[in-house]
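A short worksheet on the structure shown next.
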Amino acid sequence: MGNEYETGSTCLYSTAVADTNGVVVNCQELATVCVQLSGTMTNATVYFEGTVNDTNWIGVLGWNRTTGVKALTATAVGLYVIDVTALSQFRARLDWTEGSVTAYAKGTSLPTTTLVTAA
């Protein structure tokens, strides 16, 4: 494949028990970000959001690698793949009520379609 670029794993928030925007992922040179959610997530929603102007955040689809479902939010632990092509930044904003949530992200220059269709 050649010329792939990957970021290291970045902690967006750890054992969060309150609303948070979390750490922002710089999307320069990235096409895809994978987010791993863990914890109890008893009553919490993670919103996948991107921006091109670094001010206005808009919902972006996350693909659940376990169920194959695409959604703007996640309410369960798991791995979620997000297409961040042409975004300047990405975040996984947490709307928390109960439980705890930890989120890690890792980015790659490989497009989402390559990751989904790879044998």
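The values are calculated or read from the model by the stated rules, or taken from the named source; none is laboratory data. Quick caveat, the model's predicted, so the values are computed rather than measured. For neighbour counting, all protein chains shown are included, and Cβ atoms are generated from backbone atoms with ideal geometry for every residue, glycine included. Please note that ligands, DNA and RNA were not included when accessible areas were found on the heavy atoms of the full protein model with its side chains. Shrake-Rupley method; radii C 1.70, N 1.55, O 1.52, S 1.80 Å.
Computed quantities for the displayed model
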{"read-out": "Relative contact order for the chain, counting Cα pairs under 8 Å that sit 6 or more residues apart, in percent", "value": "44"}
{"read-out": "Accessible-area composition of the chain, carbon plus sulfur, in percent [1.4 Å probe]", "value": "51"}
{"read-out": "Among T67, T102, V77 the positive-end extreme of the charge dipole of the range 46-119 (Cβ point charges)", "value": "T67"}
{"read-out": "Surface accessible to a 1.4 Å probe, per residue, for the residues of the chain, Å²", "value": "54"}
{"read-out": "Rule-of-thumb Rg ratio for the range 29-72 [Cα; 2.2 N^0.38 Å; N residues]", "value": "1.32"}
{"read-out": "Per-bin percent of Cα-Cα distances, the chain [5 Å]", "value": "2, 12, 23, 25, 20, 11, 5, 1, 0"}
{"read-out": "Long-range HN-HN contacts of A31 with modeled amide H, under 5 Å", "value": "T108, S109, L110"}
{"read-out": "Highest to lowest packing among 46-58, 64-76, scored as the average C-beta count within 10 Å", "value": "46-58, 64-76"}
{"read-out": "Potential lengthening between D95 and D54 on full extension [0.36 nm per residue; Cα-Cα distance subtracted]", "value": "12.7 nm"}
{"read-out": "Heavy atoms of W63: accessible area, 1.4 Å probe, square angstrom to 10", "value": "50"}
{"read-out": "Difference of contour (0.36 nm per residue) and Cα-Cα distance, S88 to E29", "value": "20.3 nm"}
